[in-house]
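Notes follow the structure.
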Amino acid sequence: MTNASTAPNEIATRTRFRPPAVPQIDVRGFWGDRVDAVAARTADILYDRCVAARMLEQIDPDRPSPGVVIPFHSMSPTGNEFTGATVTTQMFWDSDWGKTIETAAYSLYRRRNPELEKKIDAVIDMYEKLQQPDGYLSSWYQRIQPGLRWTNLRDCHELYCAGHLIEGAVAYYQATGKRKLLDILSRYADHIGDTFGPEPGKKRGYCGHEEIELALVKLGRVTGEQKYLDLAKFFIDERGQEPHYFDQEARARGADPKNFHFKTYEYNQSHKPVREQDKVVGHAVRAMYLYSGMADVATEYGDDTLRVALDRLWDDLTQKNLYLTGGLGPSAANEGFTADYDLPNETAYAETCAAVALVFWASRMLGMGPNARYGDIMEQALYNGSISGLSLDGSRFFYENPLESRGRHNRWIWHRCPCCPPNIGRMVASVGSYFYGQSEDAIAVHLYGDNTGRFEVAGGKVTLAQESRYPWDGAIAIGVETNAPLQFKLHLRIPGWCRKASLTVNGEAVDLSASSNNGYATLDRRWKSGDMVKLDLEMDARRIYANPNVRQDLGRVALARGPMLYCVEEVDNRGGLSALSLPVDTALKIVDEPSLLGGIVSLTATGEAELADDWNGGLYRSAPPRKTSAEVKAVPYFAWDNREPGEMLVWLRESKG
């Protein structure tokens, strides 16, 4: 999907590109439909199901403590299917509230919902009452296991929960202007800063599940407080140092440091100091959150040592361990990585949260300067492996995102570990912030599609209005409005999948070969109101092949167009999908289908199907199966399992024809 060989930016780069706040960007078109679904349905669903899971009881100090609660899992819209699941998820219910608040915040900006706003305000009031005088705030350690705070950072998610609450607080402040939750979490962050750090008497710890690092950077940016950035840097710098904090912590509570579930600190990426790491290992979501925090700190501090490590890790992920969907983490056993090129399709774990977190990491790598090396992967994960986790109507979810299904992998209503629903909800609701990056004298356009963005750059105000049917069409028009003529740079990503592109400004052609660097075309000029930029990206259907080391995909081909990866579903291709094959020379036809799956472009081709009708019930024989011509129809992967249940396949067998 992208050109992994694109060279990274020069290490000396010091320009910082920061994402715009969500209220700066109004999205329409493809992403507008996604955001509207979240605002109209998902945000309310998240709140209601948190209540149904008894999460509200845990944070409300005016009610008796609910004690230990068995989470529920439901695949049916008619009821809850209770399971014998462990209760570890209850330890991080504060994180689910943080992400639910964040989703609600951006949804409230998009669409008025007084009832939801009232409910979220009440949740915030509960957290205000729950907060202890010293600023500490954890519903688990205050209501379920009091007296044990800061005793097991390795396993118990305290700082992780704090991070998600901080992100929710920043979002609620930016979207609604209300700062009560921001003040609450600033006090908590101050308590964390008083507890952790390199100074004598402070704990030199960090969280087993990374998240606090990137959240503190958000808090520092919105408040202007350097101390929060410094605390984020401490957590990054301290991770994996010797003597190992998790060993010391275990001994302090009378436990054997070696006696924990995953037996290796690779699981939580604390096996080495971060600057020495060169392979993506362990739990995929934790890894992506760590790398996101590292990238933020590298951007804010101009830390080249972190940038070098991040590029090593980026190469390892994208060249050996990434699904074509932008999904990652093939194993359910550790919710993460196994071995290089181990990318099974039917058993792929590819957690929705992991693809969402890859979007976070890629967007933060772009903070160090425009580079399609990161922008292409961000787009790949956005359009495929992340939003596949949310149904088109915003009501149902995937936790795992396989690339093959026999028809038994279907969307569910809620999960006993409900991290993915609010994670995909908050990402979609805030997607406008990923479209652009802004520095003092430049605007970078990372993503395309109908939207309007408002920026302050080069001492003036600029509005960019994109008009496009992207991702279904590669024609993009960007109108410029300024309060006065302004000299600034406009960087435009030329996607790695695009074989041919053209660019004009006010009708005059721009030489892309002369103006492009690291996959972005740069227009450095004095802009005025009425200027028009037109970018045309050729968007042919194409075949994609996997490295032969990916044994599961040998002899197979995948289909793509623009940023979209495609799959075949049983509902469009009757009969067993595994019997289908695509001749190497068959043409791929592009079909605009405005009434299908909310409006998509499908791909069709004449393929072949192997027949079993003359085997007379036999299992084996010496003669090969008969073949017949078969029409093959493929739809975008993100939209699968939104109709009747059935088989699904991304990688099709390829035949000689």
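The values are calculated or read from the model by the stated rules, or taken from the named source; none is laboratory data. Computed from a predicted model, the values in this text were never measured in an experiment. Don't worry about glycine lacking a Cβ; one is built from the backbone with ideal geometry, like all the others, and counts go over all protein chains shown.
Some notes on this structure:
- In a residue-by-residue description of the stretch 312-329, the property of being in the same structural domain as D278 (by TED's automatic domain parsing), among the polar types (S, T, N, Q) and assigned to a loop (DSSP other than H, G, I, E, B) applies to at least one position.
- Test result for R154, assigned to a helix (DSSP H, G or I) and charged (D, E, K, R): no
- Residue count, the stretch 570-619 (criterion: free of Cβ contacts under 8 Å to residues at least 12 places away in the same chain and either in contact with a strand residue (DSSP E or B) (Cβ under 7 Å, 6 or more places away or on another chain) or in a strand (DSSP E or B) (or both)): 1
- Selection over the stretch 140-177 of residues that are surrounded by fewer than 20 Cβ atoms within 10 Å (Cβ to Cβ) and of a type in the set (V, I, T) gives a count of 3.
- Within the stretch 611-628, the set of residues being small (G, A, S) and surrounded by 10 or more Cβ atoms within 10 Å (Cβ to Cβ) comprises just one member, A612.
- Residue satisfying condition, being surrounded by fewer than 24 Cβ atoms within 10 Å (Cβ to Cβ) and either closer than 18 Å to A357 by Cα or in contact with an Asp or Glu (Cβ under 9 Å, 6 or more places away or on another chain) (or both), within set D278, D303: D278
- Criterion: surrounded by fewer than 21 Cβ atoms within 10 Å (Cβ to Cβ), touching a Pro at 6+ places or on another chain (Cβ under 8 Å) and within 25 Å of G293 (Cα to Cα) - qualifying residue of R187, R204: R204
- Annotation note: Cβ proximity below 9 Å between a residue of the stretch 247-261 that is free of Cβ contacts under 8 Å to residues at least 60 places away in the same chain and surrounded by 10 or more Cβ atoms within 10 Å (Cβ to Cβ) and a residue that is assigned to a helix (DSSP H, G or I) and among the charged types (D, E, K, R) (sequence gap 6+ or interchain) occurs for A255/E249; P257/D247; P257/E249; P257/R251.
- Candidates G617, G599, filtered to the one that is within 35 Å of the chain's Cα centre (by Cα) and either on the phi > 0 side of the Ramachandran plot or modelled with pLDDT under 95 (or both): G599
Quick grid of which residues meet (1) out of contact with any Cys (no Cβ under 6 Å at 6 or more places or on another chain); (2) within 26 Å of P330 (Cβ to Cβ); (3) modelled with pLDDT under 95:
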| position | (1), (2), (3) |
| --- | --- |
| E379 | yes, yes, no |
| G407 | yes, yes, yes |
| L447 | yes, no, no |
| R454 | yes, no, no |
| V462 | yes, no, no |
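- Test: A634 is surrounded by 14 or more Cβ atoms within 10 Å (Cβ to Cβ), of a type in the set (A, V, I, L, M, F, W, C) and within 16 Å of A558 (Cα to Cα): yes
- Qualifying residue in the stretch 544-552 (condition: in contact (Cβ under 8 Å) with a residue 12 or more places away in the chain, in contact with a Ser or Thr (Cβ under 9 Å, 6 or more places away or on another chain) and on the phi < 0 side of the Ramachandran plot): no
- Looking only at the stretch 295-325, residues that are more than 21 Å from S386 (Cβ to Cβ) and out of contact with any strand residue (DSSP E or B) (no Cβ under 9 Å at 6 or more places or on another chain) come to 15 in all.
- Residues of the stretch 448-502 classified as aliphatic (A, V, I, L, M) and assigned to a loop (DSSP other than H, G, I, E, B), total: 3
- Any hit, the stretch 543-552, residues being within 28 Å of V445 (Cβ to Cβ), crowded, with 19+ Cβ neighbours inside 10 Å and either outside the structural domain of L324 (by TED's automatic domain parsing) or under 29 Å from the mean Cα position of the chain (by Cα) (or both): no
- Some residue of the stretch 249-257 being assigned by TED's automatic domain parsing to the domain that holds D183, closer than 19 Å to D342 by Cβ and not in a helix (DSSP H, G or I): no
- Here is the figure for the stretch 443-500: residues that are within 23 Å of the chain's Cα centre (by Cα) and among the aliphatic types (A, V, I, L, M) total 6.
- Any hit, the stretch 329-341, residues being crowded, with 22+ Cβ neighbours inside 10 Å and within 23 Å of W31 (Cα to Cα): no
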